[in-house]
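The values are calculated or read from the model by the stated rules, or taken from the named source; none is laboratory data. Owing to the predicted nature of the structure, the values given are computational and were not obtained by experimental measurement. Cβ atoms come from the backbone with ideal geometry, glycine included; neighbour counts cover every protein chain shown. Please note that ligands, DNA and RNA were not included when accessible areas were found on the heavy atoms of the full protein model with its side chains. Shrake-Rupley method; radii C 1.70, N 1.55, O 1.52, S 1.80 Å.
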Amino acid sequence: MKFGGTSMAGTERIRRVARIVQRQQAAGHEVAVVVSAMAGETDRLVNFCREADPLYDPAEYDVVVASGEQVTSGLLAMHLQALGCKARSWLGWQVPIKTDDAHAKARIEDIDAEALMASMASGEIAVIPGFQGISPAGRITTLGRGGSDTSAVAVAAAVKADRCDIYTDVDGVYTTDPRIVAKARKLKNVTYEEMLELASVGSKVLQTRSVSLAMKEGVRVQVLSSFIDDDAPAADTIPGTMIVSDDELARIQEGLDMERQLITGIAADKNEAKITLTRIADRPGAVAAIFGPLAAANINVDMIIQNIAKDRGETDVTFTVPISDLARTQSLLEERKDTIGYYRMLANSKVAKISVVGVGMRSHAGVAATMFRALADRGINIQAITTSEIKVSVLIDEDETELAVRVLHTAYEMDGE
């Protein structure tokens, strides 16, 4: 069971979480709990680091920011004990959760779960701080923002859990953001691939790394709301959203007299910025001169469009980067203007990426055409397009985000109870 920052924000909410955990143990389960820091606490700790030294040591940064989860894990263990449960906290180095040495963005390499499993088998509830681990040198590491989801899936895989329940401030995965489309529907099941695409294109329900790990390790993940009444049933009977493999979904749907819905979800992401470099020489190596330095600087490039070369052998290249990397990208490209050989650099941060996702695309034609036609009918201009086997994404003006999501939700006949 994993609980996020809003679920752990204060004594009363932690007490509520303790009661939810107690009910699962009372139902006969062996339980491990992964917790995030209280809402806003990690930001507060990060600011302390920046005030100490803008060029802070990442290893000491990890020591500071990992303390937020240490507090909530200890408090939850206390609340469980107050309810009469056997419980103890296990810090990342005590489990141990072994990571590489990339401080502030470490990756989990192995979890030695033998002691943890023995403790759980004895009836003890294990409370583990998310987001943290231990480096080969024995230093505390953190996994990057949102890393508690990854911690939970990794622990679930290590103890061979039947399921990993992610408790959030939403009660499942919806066809789109219910705040934008009132008729958005909660999905009973989503495949790993679909959730991975949705997470990567703006759906904030789960962290991308956690979904990727769940897919690799075959961990069944359920998304649930922690804001439920005290007399609500245990999670086994609460209809959240289960994230499963294609094979399991096929078994679930076997015997149903219907085809799988074509589109599973629609996501919107306003954290994109568009850059266009004009009049680049149309020759081998020109594009590598642009994207090589960006890759070296760990800047992720998403959409890429290269226009057809003009008669004089020049072309324009347009691409998108995370808005947080825009200034750094502009600086890198400005430094290499002569090497790349572009004429002008145009940047636009007032854009949004709209994506439709669904494994049903593999066997159905016309998904992209429906998207383009629906947007055109409402006068929404498409600035860039990118596709994968189960996703179509377009870049549009930021001001048209909500309208585009509503239009597409209707166009794919996703409205309904």
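The table below lists the values:
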| read-out | value |
| --- | --- |
| Low-density loop positions, trypsin sites (Lys or Arg not before Pro), the stretch 351-417 - DSSP coil, at most 14 other Cβ in 10 Å | R378 |
| Debye intensity ratio in log₁₀ form over the Cα atoms of the stretch 1-74, taken at each q of 0.19, 0.21 Å⁻¹ | -0.77, -0.87 |
| Total charge dipole magnitude, the chain, about the Cα centre, Cβ charges on Lys, Arg, Asp, Glu only, Debye to nearest 20 | 340 |
| Pairwise FRET efficiency - E398 versus T278, Cβ, R0 = 30 Å, nearest 0.05 | 0.85 |
| The stretch 358-415: equivalent-ellipsoid semi-axes (sqrt of 5 x gyration tensor eigenvalues, Cα, Å) | 19, 13, 10 |
| Longest to shortest principal axis, alpha-carbon extents of the stretch 1-150, angstrom | 49, 33, 19 |
| Accessible-area composition of the chain, carbon plus sulfur, in percent [1.4 Å probe] | 49 |
| Potential lengthening between I304 and S349 on full extension [0.36 nm per residue; Cα-Cα distance subtracted] | 14.6 nm |
| Per DSSP, loop chymotrypsin sites (Phe, Trp or Tyr not before Pro) in the stretch 113-193 with at most 16 further Cβ within 10 Å | none |
| Hull-based mean projected area of the stretch 283-383, where the convex hull spans the alpha carbons, in square nanometres | 9.0 |
| Residues whose placed amide H lies under 5 Å from that of L224, excluding near-sequence neighbours | I166, Y167, T168 |
| Under 20 Å from the Cα of K337 - lysines, other chains or at least 8 residues apart | K274 |
| Sites T339 and T387 - FRET efficiency at Förster radius 35 Å, r taken between beta-carbons, to 0.05 | 0.70 |
| Kirkwood Rh and Cα Rg combined as Rg/Rh, the chain | 1.00 |
| Å² per residue, accessible surface of the chain at 1.4 Å | 47 |
| Expected 222 nm ellipticity per residue - DSSP helices of 4 or more, -39500 (n - 2.57), all of the chain, to 500 | -10500 deg cm²/dmol |
| In Hz, Karplus ³J(HN,Hα) per residue of the stretch 323-337 (6.51, -1.76, 1.60; θ = phi - 60°; x = Gly, Pro) | 4, 5, 9, 4, 4, 5, 5, 4, 5, 4, 6, 5, 5, 10, 4 |
| Cα-projected label distance for A182 with I323, points at 7 Å along beta-carbon direction, nm | 2.7 |
| Under 17 Å from K270, Cα to Cα: aspartates and glutamates that are on another chain or at least 8 residues apart | D177, E197, D302, D325, D397, E398, D399, E400, E402 |
| Restraint check, K204/K350; K2/K186; K2/K105; K216/K350; K2/K216; K86/K204, Cα-Cα greater than 30 Å | K216/K350; K86/K204 |
